[in-house]
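What follows is a single structure, written as structure tokens, with notes after it.
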Amino acid sequence: MATPTSTQSWTVADLSALYVEHRSSLISQARRMLRNEADAIEVVQEAFMKFMLVAPELDSADRALAYIRASINN
């Protein structure tokens, strides 16, 4: 399933697809900083939950992914 370009039109299936598609790379990003797999998974899940709250305000899938990556870094 292709992710819509506008986050305002995302369905639960679209959000799930985004998570599944990028989960491994996001966990790797978090693991590099935390050096712990369990903590990395938790941080990614929390970042994704935060993203879902602001998703309607973001104007593209690229910005959505950038938001999630910034949340992980923070």
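Around residue 51, under 11 Å between beta carbons, what's the net of Lys plus Arg minus Asp minus Glu among the other residues?
+1
How long are the semi-axes of the equivalent ellipsoid of the chain, taking √(5λ) for every eigenvalue λ of the Cα gyration tensor, in whole Å from largest down?
22, 12, 9
Taking the Cα centre of the chain as origin, sum charge times position over the Cβ atoms of Lys and Arg (+1) and Asp and Glu (-1), and report the length of that vector in debye to the nearest 20.
Roughly 240 debye, rounded to the nearest 20.
Using 0.36 nm per residue, how much length does the chain from residue 11 to residue 57 gain when fully extended, once their Cα-Cα distance is taken away?
Gain on extension, residue 11 to residue 57, equals 15.1 nm.
Which ³J(HN,Hα) values in Hz, rounded to whole numbers, follow from the phi angles of region 19-36 under the Karplus curve 6.51 cos²θ - 1.76 cosθ + 1.60, where θ = phi - 60° and Gly and Pro get x?
Ordered by residue, 3J(HN,Hα) equals 4, 4, 5, 10, 3, 4, 5, 5, 5, 4, 4, 5, 5, 4, 8, 8, 6, 8 Hz.
Can you tell me the order of 11-20, 62-71 when each peptide is scored by its average per-residue count of other Cβ atoms within 10 angstrom, highest first?
The packing order, highest mean first, is 62-71, 11-20.
Got a number for carbon plus sulfur as a percent of the chain's accessible area, 1.4 Å probe?
53 percent
Using the heavy atoms of the protein chains and a 1.4 angstrom probe, tell me the accessible area per residue for the chain in square angstrom.
63 Å²
The values are calculated or read from the model by the stated rules, or taken from the named source; none is laboratory data. In this text the structure is predicted, and so the values were computed from the model without any measurement. Ideal geometry is used to build each Cβ from the backbone, glycine not excepted, and the neighbour counts take in all protein chains shown. Only protein heavy atoms, including side chains, enter the accessible area calculation; ligands, DNA and RNA are left aside. Shrake-Rupley method; radii C 1.70, N 1.55, O 1.52, S 1.80 Å.
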